[in-house]
Each structure stands twice: as C-alpha cells, then as structure tokens.
Amino acid sequence: MNDAIVKRIHDCNSLPSLPAAALAVLRLTEASGTGIKDLADVIAKDPALASKVLRVINSSFYSLSQPVTSINQAAALLGLHSLRTLVLGFSLAGTMRTQPGGFDHLGYWKRSMYAATAARVIAVRVLPAHTEDCFVAALLMDLGALLLDQLLGEQYAAVYSRAKTHTDLPILETHAFSMTHAEAGGVLAGHWKLPDELRVPIISHHLPREVESEATRKICQVIALAGRCADIFVASDSAGVIAAVRRVCAAHYHMDDDTTDAMLCEIGQKTAELAPLFDVQMNSALPYESILERASEQLFEISLCEKSGTPAACLADAGPAPAAAAAAKSPPSAGDKRRSQRIRRDGHITIIPCSRGILGTPMKGQLKDISSTGLGLILSKRLELLKQFIVELPQPGGDIKSLLYEVVRCDSFGGMTSIGSRLVSVLRPERHAARTVDGVAPRLRTA
C-alpha cells in the first residue's frame with residue numbers, strides 16, 4: 001500500500017465525513033440496550049433518508065404483500081441489524097454521490113447499481129441471513145475509486161479508463177500508484193469506523209479467498225460474484241463474463257446454467273427499480289435476454305472449447321477436431337455419447353447449409369444444446385440426414401472461425417424441425433470463401 005496516498009487521505013480537508021444519520025446509527029448500535037424504536041426515531045429525523053428507505057422496502061427487492069407506510073413498521077419487518085445496514089448504505093453512497101472528478105461517474109454508478117442488486121439477489125439464494133450486508137457491501141465496495149479520483153484527478157481517470165474490465169483495474173492501479181481502489185476504500189471505511197461486515201468486503205472484494213473469517217469470507221465471495229454479474233450488463237464484450245459467472249455459480253453454489261440465467265434476468269429487472277433511488281439513469285440498459293442473445297455464438301464457442309479441453313485461441317489453427325474426425329468415419333457409439341455430455345443452451349444461431357462444396361442461404365434457428373462433438377437446434381425448415389452446414393463464429397479483430405457440422409437426426413413437429421448434428425471439422429480461415437459474391441453462393445475452398 002502506498003503510504004504517501006494513505007497520508008493524503010487522512011490529511012485531506014475535503015475527505016467526506018460520516019453523515020449525521022449514519023453517525024447516529026453507529027453510535028446507537030455500539031450502545032448497549034439499543035432497541036428498534038431508538039433506531040427508527042433517528043431515521044425519522046432525516047425525512048429524505050426515511051423516504052428512501054420506505055421506497056426501497058416497497059420495491060420488488062422485498063416483494064412484501066402490503067405497503068409499508070412508516071419507519072417503525074419498516075424497522076419491525078427488517079430488524080435492527082438489517083435496517084442499520086440499509087441506512088448506512090444509503091447515507092454513505094449519498095455522501096459520495098456528487099463528488100467531483102475526471103472519470104466516468106455515470107458508468108461507475110451504473111455498475112454499482114447492478115452489483116448491489118446482484119449481491120442481494122444472490123444472497124437471498126445462498127446467504128439469506130446476510131442479504132442486507134451483501135447488498136450494502138456491494139453498493140459501497142468501489143468507493144475507493146471515487147476517493148482516488150477525488151485525490152488524483154486526471155491521473156487516476158487515465159488509469160481507470162485503460163481497464164478493459166473491472167478485474168483489470170487492481171493490476172493497473174498497483175502498477176501506477178502502488179495502491180488499489182479496494183485498499184483506498186478500506187482506508188475510508190476505517191476513517192468512518194464502519195463495522196467489519198462492510199469494511200472487510202470493501203477491502204477484499206477482489207480477493208475473497210484471503211479473508212480469514214469464514215462468515216465474512218462468504219459475504220466477500222457473494223460480493224465478488226455480484227461484481228462479475230454487474231460486468232455482464234456494462235461490459236462491451238459480455239460472453240466471457242457470462243461464462244465465468246456460470247462457472248462460479250456451478251462450482252460454489254451448484255446452480256445450473258438455466259438457474260444462473262434466470263437469476264441474471266432478475267438482476268437486470270430489479271436494477272431498473274433500484275437505480276432511480278440513487279438518481280442513476282439506466283435509459284440505455286439492455287435486458288439480460290438481449291445480452292444473452294447477442295453473446296450466444298461466442299458462448300457456444302466457449303462451451304465447445306471447455307468441453308473439448310481445447311483453449312479457444314487454439315481452435316483457429318486446429319484443423320479437423322480429433323473427436324469429429326473419428327465421428328466422420330462411423331456413427332458415435334453409446335460410449336461416445338456418454339463421454340460427449342450435452343449441455344443445454346438457449347439462444348439464436350445462424351447456420352449456412354453446405355452441399356457438395358456449395359454454400360446455401362443462411363438460416364436462423366434456435367440453439368438447444370451443445371457438446372464437444374455436436375449441437376442440437378430447432379429450424380423452421382427441414383434439413384435431411386447427412387446434410388452439412390457451417391456455423392460461423394466471430395473472432396476478436398474481425399476474423400471468422402467456421403465449424404462444419406453434419407445432420408445425424410431430423411425430427412419434424414408442429415411445422416418446426418429438431419436437428420441433431422455432429423462436428424465434422426474446424427475449417428481454417430483460408431478454406432472457405434465469403435458467403436456470396438454478387439448474390440451467388442461460392443464454392444467451399446478445399447485447398
């Protein structure tokens with residue numbers, strides 16, 4: 001940690017002070033014999049804060065069967081600890097809401113809204129006793145970035161803008177300042193004398209595994225995952241982040257991909273309700289369903305690589321896939337089918353029929369499932385057995401990777417066709433031409 005910056009933080013005359021309501025809440029909870037009514041009385045003295053608490057409790061976050069009309073009623077429903085945590089979150093975030101600086105404040109607060117919502121949605125499922133702790137810790141976890149922006153101005157804004165994803169930020173900060181936003185946030189949390197259930201996640205949200213206390217480590221793990229969920233909604237390239245979130249949810253919380261995707265849909269919907277409470281505009285935000293549809297082809301490639309054990313970067317030069325080459329000689333055995341576990345995927349995919357080296361008109365279908373040696377999809381038109389088609393996957397830099405499949409099952413129902421196919425080859429870029437030349441489908445290059 002950079003001692004010079006720490007000293008600047010402590011010596012800074014414009015360092016935000018703890019708001020009166022938050023200070024009173026902390027003093028009350030430190031005193032013995034404090035009751036819910038005492039806390040409610042403190043909140044009621046700040047009409048703006050009381051209104052905000054009531055608005056969030058009456059939102060879909062809590063899904064209460066009847067409206068809450070008073071702070072006393074809210075206090076009775078939430079309990080002393082949850083209400084204290086919620087008040088601290090609103091008070092402290094409001095303190096930093098209008099701080100000047102040179103970096104993208106709107107982008108920062110959009111991500112904070114998604115992260116806070118995600119933390120609460122995740123915690124309801126996996127850590128229900130700490131839902132408010134997780135919500136507020138996620139809301140506050142990146143306040144160190146606002147603090148560094150306030151102290152360092154354009155110098156910090158330049159570093160912040162170079163981070164392609166939020167996970168890149170601590171590396172860039174350490175290199176430039178010998179201090180991360182998480183460490184700066186920890187200094188601010190210490191200055192405010194925040195409780196450990198908030199202070200530790202602020203410091204450790206990028207390294208939850210290093211937290212010694214098991215209870216606090218679980219909160220930090222939820223916060224770290226919530227940050228990655230937020231990245232899905234704000235990153236320009238979300239496919240890799242979606243895949244990472246699915247892996248974490250499966251490994252730590254035993255969620256399948258469908259459950260994770262449903263949770264991400266809920267996060268997107270509930271963030272739209274949370275953001276207005278913090279005066280954050282979300283006009284350009286996409287729903288998760290649209291993000292997933294855009295990322296479906298890249299997710300397909302990522303899943304294919306994971307199941308085959310082949311790094312994504314290697315597929316471009318791989319030539320025929322070993323498993324697919326064997327499949328091309330003879331139908332897969334029952335043992336092969338068991339080894340090639342199929343994973344359900346929902347999304348749109350475009351295929352290009354291929355007959356005797358001639359590429360046909362592209363067709364859009366619904367992707368059902370994939371494995372390392374095949375994929376299943378639903379089309380509005382029928383493809384006969386042994387018919388081949390190509391799936392084109394966009395690559396970074398504008399290149400295209402093409403996978404050649406062969407139909408091994410074709411079932412019609414209700415005007416639609418369910419297709420099962422096996423992977424025949426991963427085509428090198430030079431082995432096929434563009435889709436059409438002056439409207440005429442070209443031959444597939446084999447040289």
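When +1 charges are put on Lys and Arg Cβ atoms and -1 charges on Asp and Glu Cβ atoms, the dipole computed for segment 31-163 relative to its Cα centre reaches about 300 debye. Cross-linked pairs Lys7/Lys45; Lys364/Lys387; Lys37/Lys270; Lys381/Lys401; Lys164/Lys364: Cα-Cα separations exceed 28 Å for Lys7/Lys45; Lys37/Lys270; Lys164/Lys364.
Say R0 is 41 Å: what FRET efficiency, to the nearest 0.05, do Lys364 and Gln155 get from their beta-carbon distance?
Details: r = 48 Å, r/R0 = 1.18.
Taking R0 as 41 Å, the efficiency between Lys364 and Gln155 is 0.25.
Placing a label point 7 Å from the Cα of Leu386 along the Cα-to-Cβ line, the residues of segment 349-371 whose backbone N sits under 16 Å from it are 354-357. Between Ser355 and Ala44, the contour length at 0.36 nm per residue exceeds the alpha carbon distance by 104.6 nm. What you get for segment 172-306, charging only the Cβ of Lys and Arg (+1) and of Asp and Glu (-1), is a dipole of about 460 debye around the Cα centre. For the peptides 128-134, 197-203, residues were scored by their other Cβ atoms within 10 Å and the scores averaged per peptide; the highest-first order is 197-203, 128-134. In order along segment 64-71, the Karplus-derived 3J(HN,Hα) couplings, from 6.51 cos²θ - 1.76 cosθ + 1.60 at θ = phi - 60°, round to 6, 6, 9, x, 9, 10, 9, 5 Hz, and Gly and Pro are given as x.
Mind giving me the FRET efficiency for Arg8 and Ser59? R0 is 35 Å, r the Cβ-Cβ distance, nearest 0.05 is fine. Kindly include the intermediate steps, with their values, before the conclusion.
Numbers: r = 39 Å, r/R0 = 1.10.
It comes to 0.35.
Spacing of the modelled spin labels on Thr259 and Asp196, each 7 Å from Cα toward Cβ, amounts to 3.0 nm.
Each value in this text was obtained by applying a stated rule to the coordinates, not by laboratory testing. Computed from a predicted model, the values in this text were never measured in an experiment. Heads up, the Cβs are rebuilt from the backbone with ideal geometry, glycines too, and the neighbour counts pull from every protein chain shown.
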